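Single-structure report; data block below.
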Amino acid sequence: MKHLDSFTIGVNGLTIDSEFSKNDQEKYYKLYCCQDTFLHDNLREGINIKLAAGAIYETVDFADVIKASKLSTLQQDFAAWEKTLGVLEKFGMKVYFLRARKGIRLNAL
């Protein structure tokens with residue numbers, strides 16, 4: 001997909017773009033482009049649409065949070081992020097790259 005205009009987020013055969021703001025759609029599109037894959041491709045079949053949208057939104061949000069983290073970020077914040085990323089991964093979200101980024105930030109402390 002070369003353009004945001006042709007990018008759609010689909011789950012269980014349904015387009016769920018309306019569940020996201022344009023800003024969040026753009027952020028997810030950028031993550032899609034960076035990883036060259038839909039991060040939600042492995043969501044469990046038949047998952048509730050609202051739950052799927054929430055998992056996608058949380059993944060987008062975590063990408064922003066991790067990107068903005070500083071050396072002053074508390075160790076307990078990183079631990080909480082790891083738990084949340086683990087839950088997202090169990091749902092089927094591809095968050096391995098966020099875990100790697102978090103690890104890089106954590107090792108810099």
Inset, instruction - Divide by every residue of the chain the summed helix terms, -39500 (n - 2.57) for each DSSP H run of at least 4, and state the resulting mean residue ellipticity at 222 nm, rounded to the nearest 500 deg cm²/dmol. - result: -19000 deg cm²/dmol
Inset, instruction - Calculate the spin-label point distance for LEU51 paired with ASP5, positioning each point 7 Å from the Cα along the beta-carbon direction, and give it in nanometres. - result: 3.7 nm
Inset, instruction - Specify the angular offset, from 0 to 90 degrees and rounded to the nearest 10, of the alpha carbon long axis of helix 49-68 from the longest principal axis of the alpha carbons in the chain. - result: 40 degrees
Inset, instruction - Can you tell me the 0 to 90 degree angle between the C-alpha axis of helix 75-91 and the longest principal axis of the chain, rounded to 10? - result: 30 degrees
Legend entry - Which of GLY13, GLN75, VAL87, positive extreme of dipole for the chain (C-beta unit charges): GLN75
Legend entry - Debye intensity ratio I(q)/I(0), log10, the chain, q values 0.11, 0.18, 0.19 Å⁻¹ (C-alpha model): -0.35, -0.88, -0.96
Legend entry - Candidates per trypsin sites (Lys or Arg not before Pro) in the stretch 1-100, loop by DSSP, up to 13 other Cβ within 10 Å: LYS2, ARG44, LYS70
Inset, instruction - Report the local net charge at PHE20: Lys and Arg +1, Asp and Glu -1, summed over other residues whose C-beta lies under 10 Å from its C-beta. - result: -2
Inset, instruction - Could you tell me how many degrees, from 0 to 90 and to the nearest 10, lie between the Cα long axis of helix 96-107 and the main elongation axis, the longest principal axis, of the Cα atoms of the chain? - result: 20 degrees
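Coordinate-derived values only; no laboratory data. The structure displayed is predicted, hence computed values, not measured ones. All Cβ positions, even for glycine, are placed from backbone atoms using ideal geometry, and neighbour counts span all protein chains on display.
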